[in-house]
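The values are calculated or read from the model by the stated rules, or taken from the named source; none is laboratory data. Remember, it's a predicted structure, so these values are computed and weren't measured experimentally. Cβ sites come from the backbone with ideal geometry, for glycine too, and all protein chains shown count toward neighbours. SASA here: full protein model, heavy atoms, side chains in, ligands and nucleic acids out. Shrake-Rupley method; radii C 1.70, N 1.55, O 1.52, S 1.80 Å.
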Number of protein chains: 2
Amino acid sequence: MRFRNPVVSIRPFVHPTTPILVKKPALTATKNKKPRTQSTSKSTRKKDVAGAPVSDIPSSFSRIDIVRVTPSVDNGAYPIKRSVHEPVDVLAGVICDGHEHLGVELVWGPVGGEEHVTPLKLRYNDEYLGAFTPSTLEPYQYRVRAWIDRYTTWQDMFKRRVDGGSDKAELHTELQDGASLLRDAAAQASGRDRKRLEQAATAFEKGTVKRALDESLLALAQQYDPRQGAVESKPYPVYVDPELARFGAWYEFFPRSAPSSQRHATLDDAASLLPRIKELGFDIVYLPPIHPIGTAFRKGKDNSPTAQPGEPGSPWAIGNTDGGHKAVHQELGGMDAFERFVAKATTYGLKVALDIAFQTSPDHPYVKDHPEWFKHRSDGTIRYAENPPKKYQDVYPFDFEGEEWQSLWEELRSVFQFWMDKGITVFRVDNPHTKPLAFWEWCIGTLRQDHPELIFLAEAFTKPKTMYQLAKIGFNNSYTYFAWRNSKQELTEYATELFQTGAVDFYRPNFWPNTPDILTDYLTHGGRPAHVIRLVLATTLSSVYGIYGPPYEHVYNHQHPKREEYADNEKYEIRAWNWYDDHSLQPLMKRLNQIRKGNRALQFMHNLRFHTIDNPQLIAYSKTAEDHVILCVVNLDPYTHQFGWVDLPLAELGLPGDRGYEVYDMLGGERYSWHGSRNFVALNPHVLPAHVFRIERMAS
Amino acid sequence: MRFRNPVVSIRPFVHPTTPILVKKPALTATKNKKPRTQSTSKSTRKKDVAGAPVSDIPSSFSRIDIVRVTPSVDNGAYPIKRSVHEPVDVLAGVICDGHEHLGVELVWGPVGGEEHVTPLKLRYNDEYLGAFTPSTLEPYQYRVRAWIDRYTTWQDMFKRRVDGGSDKAELHTELQDGASLLRDAAAQASGRDRKRLEQAATAFEKGTVKRALDESLLALAQQYDPRQGAVESKPYPVYVDPELARFGAWYEFFPRSAPSSQRHATLDDAASLLPRIKELGFDIVYLPPIHPIGTAFRKGKDNSPTAQPGEPGSPWAIGNTDGGHKAVHQELGGMDAFERFVAKATTYGLKVALDIAFQTSPDHPYVKDHPEWFKHRSDGTIRYAENPPKKYQDVYPFDFEGEEWQSLWEELRSVFQFWMDKGITVFRVDNPHTKPLAFWEWCIGTLRQDHPELIFLAEAFTKPKTMYQLAKIGFNNSYTYFAWRNSKQELTEYATELFQTGAVDFYRPNFWPNTPDILTDYLTHGGRPAHVIRLVLATTLSSVYGIYGPPYEHVYNHQHPKREEYADNEKYEIRAWNWYDDHSLQPLMKRLNQIRKGNRALQFMHNLRFHTIDNPQLIAYSKTAEDHVILCVVNLDPYTHQFGWVDLPLAELGLPGDRGYEVYDMLGGERYSWHGSRNFVALNPHVLPAHVFRIERMAS
């Protein structure tokens, strides 16, 4: 962390000295006969390791160590990410010397708000399991509390004495200890509960063995256990996001290519496409930059260094005399058209995502008004972007560490605020990895303080550590390497890393088969079957995905001669698309979005599991919800009919091992009767290269 | 951490504001034009996450994040363990926005002592690699420092401009930036170096392209880089142990069973065995408790509840009227005999390990003098050990959390100090997991402050998390589950977990095939071949191992009818052994200890790798040193001759792929000519169930 003050936490957090215990006595009410316990938090330990030496006896200690808490990111250094109403399954490793029973509970709630308590149950190997669910859109935190459950320990020992035939004198002696524990509990209780505990203590004191074996008394004694010597973990932060951050479908298009009487469409023209986008089942309409486009060094068709008169330029060359990052391109209809576009999207329940690219064209007003925000050469000229010997004279990067970095940072943050004021809550951020991580941590962290509804998608195609770090410090959606993972092994390894390790707790992978910058060899050579395959994979492997729609729908796969991107790229020219075409992939998109919305299993990330299938061209995986399993089998070979036997772990999936079950292919519409764990599949890529089966689970 | 003050760190650590840089300028001498950088230490970040909110712009920031440093235990919460002269290979993940080159170095040294600096080299994927070696027996620490290497970045860009054919005017302009960087470096230098840098800057200013491509100038500019905006990781602690903690062979025997004219031998009698133990190649002589043995409830032969007159009792029933944990049993010859035993061991270069068991017999002087150190029943009697309905009336546990816990803890620590004053530096600690972890952390931590030579072996056979935690907080040797891992799969999985994950950085597994408490079914049923197999595994898998010698040597495998332990257990009776028997396993023990001492590869832990062999009864693994590989192939089936093909990764092992190589079986004495990666082995358990091959590596 680079700042004196935090940017992640939203409300002031004060460690409660009196935890709010649901139906439980406050710790401060305890008469501590035993030494008071300090927190075992690693944050204090770390300081001590490099601190001053000690030989004196400590003044207090705890017998309990909370050794591991999951989910957590770098042991709580960064928040885990969840969406509202998405459960957090907590597993805590808690150890203690000896053989006593431990009480372990989860203390959780919104940061600065009311705390709730949920018991954790011993699973095995000193691991305690439980869950909570954030119900409001604000930062949460949780911590683990543990203490020695002395009454349960006593009762367990006492039962074994009774069963083992201990004599009456011994039992009488032991009952006095039990009575003393009950009186400690009674002191925490009131009303009827207190009375019951006191009466039981009296019975114990008189030597009544039967009461001591009473299970309902055990529950009461546990409830009012004074939690003497309890220890608590540090608080673990939870970034609670809107559901759309976890489950959503993005549709990208260039509004200037919308149907129009003019060559250059306006946002009003583009708004006419919103009903169609809604009908296809998308949630977010993502527009490339809509700002005024510079004219200096404007790029022409196919990234030609000089534009011909009338060529529209790249939307990422931001700013001209009409304005910059807070203006709308005149040819798109200006700010009024934009506001109408957003209003119409809102009536259709669509969110509009803007593309925020922090760079300027040489014509941007910032260049004249704030030359101090740019890098300069020794001859005084502003440094354009370059990767020697290549020069990008149409793009000026900002100087994030120049003398005036603070005013620059404030201005850039105000760009987000400007569009938030216009109702925008979703931002796709261009190349965040070429700006300081500290900038994003501050910018996103402070914006989210009052606006936890914001979604930031990091368009960082760079090395893995940086992509992960951008997610840790605040981006709640991330582009991935998905587009380049094509083989069964590549897909299995990559999706396993993303979804089945701790990564998914902070990194939400948004799967894009294509973008204006990406048309892979696989899509280029595999044609329509390849486009179907990659769309099925994107929509079923991750619960957030996106598509650069128009060329994909029409299997437009003309590749640039030198790079894995589109030829005749829409970044530099206006294209005419057939927006309503039942022979295109539009019906498949619609069907896949329907399937996602109708099947809860596809709306989550943690639940992805791969299954064995005996053909290297076929991949099989499932996602499980309470009452159903979605099983996908995809033929990764876009050329050839492939067959294989898929092998399912029936018990783990909650499917019957002893009788048949029906699998319903929601894509093809067929129903099959399957038996046992091994079943046959055949997939012809020229018909439909994938099954997306729904299978009902047995009631457990 | 449960204490206000640390117990792990030995000397006060003050984070240096002026790091001691070897041949490098001090950071404080830098004129910081750019914002000063704060540490990216996670310990500050953690506090911030749950701290107060911020919306103001930060006052400074860093573009660099040090995202991961290994080796480390829980990100530096606990020290890693190394022995003197054992290298620490550090890998640091360091990221920065953009594409600039980074300078990364390791700052390391004894805590509170002189700091050294070692550069880290970029490997790939933003990971920087380097190493240092602690040379003294004291705590060390290391941290990672990183900064943007502006001159290297500039020179790289400049070269690409030259190669790309930039015009003279452009090169001239860029050279001015290079000159400015050289002048910044010159300000940090003095003498000739300063002059060279200044002269180069002047040449740049005049536009001399050639000097700018000079590699030797690059090295100088890097050396005097002002490290503007450098960030540092937190310090990572290193527990530096004596070599014996990493590489040693322990021999356990009951001194009262030594050859003697009396039935109960003395320590003087036992001392006569020291030359033999030395000749067998052991390093540490480990004695079960040598203290006065209680008479109350004394256990007889085979753990019989009542001893017959003359039965010696269990050495773990500590204390009688002659004394307790600081006394020597009269029948062993008392303190004088002990001192003679230690003196003789020392002349033979043997260390004596004492068994410290913190419990008492009812006759221990503590019971009368300090009843407050024990638990009491409600009837006032002291609580003996029990596991209802079982009662262990001969053993009183201490009450580590009683009212007088502080005086108890001090007294128990003084037991170690007492024996340290007699020259003992190695302790085997009995059942540490039934005493508070906080006690051990304090006790071992404070003793090690002045005595880093101490070795503590944790005899904790309990659940994994507790065994690991005991190691994290201070035990530098640990018993393991090795005795119960017999199959190829069990051994491979367990040894992989211990030696090839981060565990080996804090947990040093001491492999024991048997103990007085452990005689496994495998040894019982497998007879002599099983004993050979397990001894070869223990001596070659781990670099620290031990053996409860006398019964093992003679393949005495009479098992208790109900438990996996010895019948006629020496814990309760005196046994007569044949201490010099060439038909026993003594010659094999001697040979294995010789092989370990003669082959450096067997003296380390991190270097264990398993290899493929196509027979589930055969296991193959190697350890590699600079110039040789030790390859072990063991037949795990003690009954049947087994054959198989072992498959070696030749390149990884540094063996020739294109020609033959010789493998020398140091155990059997044969030499074989092998070719390629697959070679045949056959092992007859009734002859010799293992190969321990030495193979010379190619000079690399």
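Do we find that B:L27 is open to solvent by 20 Å² or more (accessible area, probe 1.4 Å), at pLDDT 95 or above and farther than 29 Å from A:R68 by Cβ in this structure? Reasoning before the result, please.
Numbers: open to solvent by 20 Å² or more (accessible area, probe 1.4 Å): yes; at pLDDT 95 or above: no; farther than 29 Å from A:R68 by Cβ: yes.
In short, no.
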| message | Show me the strands (runs of 3 or more DSSP E) entirely contained within the stretch A:358-455 in which 2 or more residues are over 19 Å from A:P292 (Cα atoms) and open to solvent by 10 Å² or more (accessible area, probe 1.4 Å). | response | A:385-387, A:390-392
| query | From the list A:L129, A:L122, A:L137, which one is in contact (Cβ under 8 Å) with a residue 12 or more places away in the chain, surrounded by fewer than 17 Cβ atoms within 10 Å (Cβ to Cβ), in contact with a Phe, Trp or Tyr (Cβ under 9 Å, 6 or more places away or on another chain) and of a type outside the set (S, T, Y)? | reply | A:L122
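Condition check: at negative phi, buried (at least 20 other Cβ atoms within 10 Å of the Cβ) and modelled with pLDDT of 95 or more. Does A:L491 satisfy that?
Answer is no for this residue.
Out of the residues in the stretch B:575-598 that are under 23 Å from the mean Cα position of the chain (by Cα) and open to solvent by 10 Å² or more (accessible area, probe 1.4 Å), which is farthest from B:R485 (Cα to Cα)?
Here is the first cut: in the stretch B:575-598, the residues under 23 Å from the mean Cα position of the chain (by Cα) are B:592-598.
Cutting the leftovers down to open to solvent by 10 Å² or more (accessible area, probe 1.4 Å) gives us B:594, B:597-598.
Details: B:Q594: 25, B:K597: 25, B:G598: 27 Å.
Selected residue: B:G598.
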| query | If you go through the stretch A:463-488, how many residues are open to solvent by 10 Å² or more (accessible area, probe 1.4 Å), touching a strand residue (DSSP E or B) at 6+ places or on another chain (Cβ under 6 Å) and away from every other protein chain (no Cβ under 14 Å)? | reply | 1
| note | With criteria (1) out of contact with any Cys (no Cβ under 9 Å at 6 or more places or on another chain); (2) assigned to a strand (DSSP E or B), A:R161 comes up short on (2)
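Out of the residues in the stretch A:610-621 that are open to solvent by 40 Å² or more (accessible area, probe 1.4 Å) and free of Cβ contacts under 8 Å to residues at least 40 places away in the same chain, state the one that is nearest to A:P529 (Cα to Cα). Steps first, please.
Restricting attention to the stretch A:610-621, the residues satisfying the condition of being open to solvent by 40 Å² or more (accessible area, probe 1.4 Å) are A:610, A:612, A:614, A:616-617.
Next, only the ones that are free of Cβ contacts under 8 Å to residues at least 40 places away in the same chain stay: A:612, A:614.
On the way: A:T612: 23, A:D614: 21 Å.
Result: A:D614.
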| message | Please verify whether B:D336 is away from chain A (no Cβ under 14 Å) and out of contact with any Cys (no Cβ under 7 Å at 6 or more places or on another chain), treating the condition exactly as stated. | response | yes
| message | Going by what's in this entry, would B:P649 be described as surrounded by 22 or more Cβ atoms within 10 Å (Cβ to Cβ) and outside the structural domain of B:E493 (by TED's automatic domain parsing)? | response | no
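Taking A:V67, is it at pLDDT 95 or above, within 12 Å of another protein chain (Cβ to nearest Cβ), buried (at least 19 other Cβ atoms within 10 Å of the Cβ) and within 22 Å of B:K435 (Cα to Cα)?
Values: at pLDDT 95 or above: yes; within 12 Å of another protein chain (Cβ to nearest Cβ): yes; buried (at least 19 other Cβ atoms within 10 Å of the Cβ): yes; within 22 Å of B:K435 (Cα to Cα): yes.
The answer is yes for A:V67.
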| Are any of the residues in the stretch B:136-146 within 14 Å of chain A (Cβ to nearest Cβ), under 25 Å from A:I473 (Cβ atoms), out of contact with any strand residue (DSSP E or B) (no Cβ under 9 Å at 6 or more places or on another chain) and not charged (D, E, K, R)? | no
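Would you call B:E205 part of a helix (DSSP H, G or I), within 12 Å of another protein chain (Cβ to nearest Cβ) and open to solvent by less than 30 Å² (accessible area, probe 1.4 Å)? Explain how you work it out, then say what you get.
On the way: part of a helix (DSSP H, G or I): yes; within 12 Å of another protein chain (Cβ to nearest Cβ): yes; open to solvent by less than 30 Å² (accessible area, probe 1.4 Å): no.
No: the conditions fail for B:E205.
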| Qualifying positions in the stretch B:526-570 - of a type in the set (S, T, N, Q) and crowded, with 23+ Cβ neighbours inside 10 Å | B:T539, B:T540, B:S542, B:S543
| Based on what the data block shows, is A:G669 in a loop (DSSP other than H, G, I, E, B) and free of Cβ contacts under 8 Å to residues at least 12 places away in the same chain? | yes
| Of all residues in the stretch B:456-471 being closer than 21 Å to B:G248 by Cβ and not in a helix (DSSP H, G or I), the one that is farthest from the chain's Cα centre (by Cα) | B:F461
| note | Filter the stretch A:153-189 for residues that are surrounded by 19 or more Cβ atoms within 10 Å (Cβ to Cβ), under 19 Å from A:H101 (Cα atoms) and in contact (Cβ under 8 Å) with a residue 40 or more places away in the chain; the one that is farthest from the other protein chains (Cβ to nearest Cβ) is A:A185
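When you scan the stretch B:345-357, how many residues do you find that are part of a helix (DSSP H, G or I), open to solvent by 50 Å² or more (accessible area, probe 1.4 Å) and touching a residue at least 12 places away in the same chain (Cβ under 8 Å)? Please lay out each step first, then the result.
Narrowing the stretch B:345-357 to residues part of a helix (DSSP H, G or I): B:345-347.
Within this subset, residues satisfying the condition of being open to solvent by 50 Å² or more (accessible area, probe 1.4 Å) are B:346-347.
Next cut, touching a residue at least 12 places away in the same chain (Cβ under 8 Å) only: B:346.
The total comes to 1.
Yes/no per residue for (1) among the charged types (D, E, K, R); (2) under 30 Å from B:E100 (Cβ atoms); (3) under 13 Å from the mean Cα position of the chain (by Cα):
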position	(1), (2), (3)
A:T425	no, no, no
A:P436	no, yes, no
A:P452	no, no, no
A:I473	no, yes, yes
A:E490	yes, no, no
A:E497	yes, yes, no
